[in-house]
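Enquirer: Below: one structure in structure tokens.
The values are calculated or read from the model by the stated rules, or taken from the named source; none is laboratory data. Just so it is clear, the structure is predicted and the values come from calculations on it, not from any experiment. All Cβ positions, even for glycine, are placed from backbone atoms using ideal geometry, and neighbour counts span all protein chains on display.
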Amino acid sequence: MSPLSKWKSRLERTTTHNLHHFITNPHLLLSEISGSLGDLGTLLPLLLALSLQGSIDLPSTLIFSGLFNILTGLFFGVPLPVQPMKAIAAASLQGKENLGTTVAAGAWVGFAVLLLGGTGGLKRAMRWVPAAVVRGVQVGAGLSLVVAAGGGMVKPLGWWRTPEKDGELRGIGGWLDSRAWAMLAFGGLVVTLGQGQGQSSGSGRTGTRRRRMPMQVPYALVLFLVGLVFAVVRVSLSKESPHSPPSSHDPMNPNAPGTSWIWNPLHHIHPSVFHSLLNPRALSMALAQLPLTTLNSIIAASALASDLFPRSSYPQLYDDETFSVPGAWPESDQTETENIFSGGGGGEEGPVPLTPLSLSISAMNLLSGPFGCMPLCHGSGGLAAQHRFGARSGTSVIFLGSIKFLLGLFSSGSGLLRLLERFPRAFLGVMVLGAGVELGRVGVRSVEGDDEDRMVMLMTAGTILAFKNDGVGFLAGMGCHGGYRVAGWLNSWKERREREEEERGLFEEDEGDDEESPLLR
């Protein structure tokens, strides 16, 4: 069967699965909608933070991420999320990078993943990157988000009332964004994190263990809705109309005209993305993101999908033949690196094969990059979150993608920009902090091994924080890992020399005894 026929057959089977899921269980519609919101805790804070900083084009991000949500649900048939690249997002927020640099970093990752996945060399490349280094990048990215949330968003606020911006009327507006609100939101975050940690354990096949009051709605969604109400109030109290043209220094969408009410692709092309491709900062951010994307967004997501959607329960999601690309390298000598995280499953035989998954990530970033879209990837954490909240088919992400697509298509004017400009920084900071804590927590929890692995992880994460550069942290982690390998080799060589000297000494003693034995007699 040709690759095109194979992909067509898969699309037919996943579509049948999505439709059959509702024909036999129509009451699961609300469960699918609830599951589609499970990953908003990661998407919303990074989307808003990068938009307000001017590092991405918000309407383009909504349109393309929504479109890719729809295509992902149709092709894979499982609630595979479309997430921001967290290491790039953290580095962009930490260094206040512009749109061109941020998007160019995602384009480099997409190009690298295309080469690795398209040639079949993905597993070979990952042999050289220890899991401890990847987890260190993950922890460093999470802690960078925490630093960005506290220092860049919450710290400038007043305790009870933040000085109002130019154009905002005196009154209640300044009271709706303060450290007091941040502390209140942080308290809710702590409670939510505690419930989320105890909400489930084990794999999808072994079942989940629930607390007495499981969370039904993601806390980030609740916080976002409250912040949205506050933003509407602040916009209504502003001297400027929410539909007035954006100012000349508007960082969110400098090329979009303020009078446009529908997304126009010609107004959202950003030449700065092409100019930033050779920017060393973009290359550094891509270098740090690449191992995290390949291990967490491709290998781990593929394995987790096989665990949550086993062949015995979802046979229509599995292919009889493995996916491959013409001209790919042979895989006879490749190790099962996809089993590092889940203990089994995944690869090219699961519901989310490695090759289509890697090609999906590369296509998302290479096609949407010129329009300033946020760097996108898939992720095992988002898949687990959406499955936890009720998603069992691709219909959940199709629903979410449709909402995002329509929102981006009909909100490309200045109204959405003004609304996000008035979004409380207190809530935004807590949302980013929560995303950073969760990202770091997963990284720390995933490190298994001796003190050497933990030291490599800490070296990687600490260097990222110290130099505010993910590429330097990645190289430091690789150097630390290499140092341990050299030290181990030297110790082995020393022990081998000592054993040889001991054996040589024993041999000489035996010869001496043989020479002295006649005299003794």
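Enquirer: Within segment 270-295, how many residues are assigned to a helix (DSSP H, G or I) and touching a Ser or Thr at 6+ places or on another chain (Cβ under 6 Å)?
Expert: Residues that pass the stated criteria total 2.
Enquirer: Given the structure, is residue 458 modelled with pLDDT of 75 or more, within 30 Å of residue 219 (Cα to Cα) and part of a helix (DSSP H, G or I)?
Expert: yes
Enquirer: Is at least one residue of segment 55-64 touching a residue at least 40 places away in the same chain (Cβ under 8 Å), surrounded by fewer than 24 Cβ atoms within 10 Å (Cβ to Cβ), closer than 21 Å to residue 267 by Cβ and not hydrophobic (A, V, I, L, M, F, W, C)?
Expert: no
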